[in-house]
1. When Ala36 is evaluated against the numbered criteria (1) at pLDDT below 90; (2) over 17 Å from the mean Cα position of the chain (by Cα); (3) not acidic (Asp, Glu), which criterion, by number, is the only one it fails?
2. Answer yes or no as to whether Pro24 is surrounded by 12 or more Cβ atoms within 10 Å (Cβ to Cβ) and modelled with pLDDT of 90 or more.
3. What are the residues in segment 27-65 that are open to solvent by 60 Å² or more (accessible area, probe 1.4 Å) and among the hydroxyl-bearing types (Ser, Thr, Tyr), if any?
Amino acid sequence: NQLSDRGLIKCRQALLGSREVLDPPPLITGKTLQEAGLKPGPNFKHWIQAVRDRQLDGELHDQAAALEFIRQLAANP
């Protein structure tokens, strides 16, 4: 069907992209969080993964936005 064809085309185009587009360096690390004044703990892994998911989905584009997102998560556990 037409919807499936568009999805297939989009996937093929994405796979033709560079590695930097498909798998960009993470916006943040545990070190980044510590440098931002956050105390290490069990939430670090969750926060880093949440940022990575949003980065790969195109919702977060830079470290400042990622840190703001994490501050929001930390404020609302």
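1. (1)
2. When the stated conditions are applied, Pro24 passes them.
3. Thr29
The values are calculated or read from the model by the stated rules, or taken from the named source; none is laboratory data. Everything numeric here is computed off the predicted structure, so don't read it as measured data. Neighbour counts run over all protein chains shown; Cβ positions are idealised from the backbone, glycine included. Quick note on the areas: whole protein, heavy atoms, side chains included, nothing else; ligands and nucleic acids left out. Shrake-Rupley method; radii C 1.70, N 1.55, O 1.52, S 1.80 Å.
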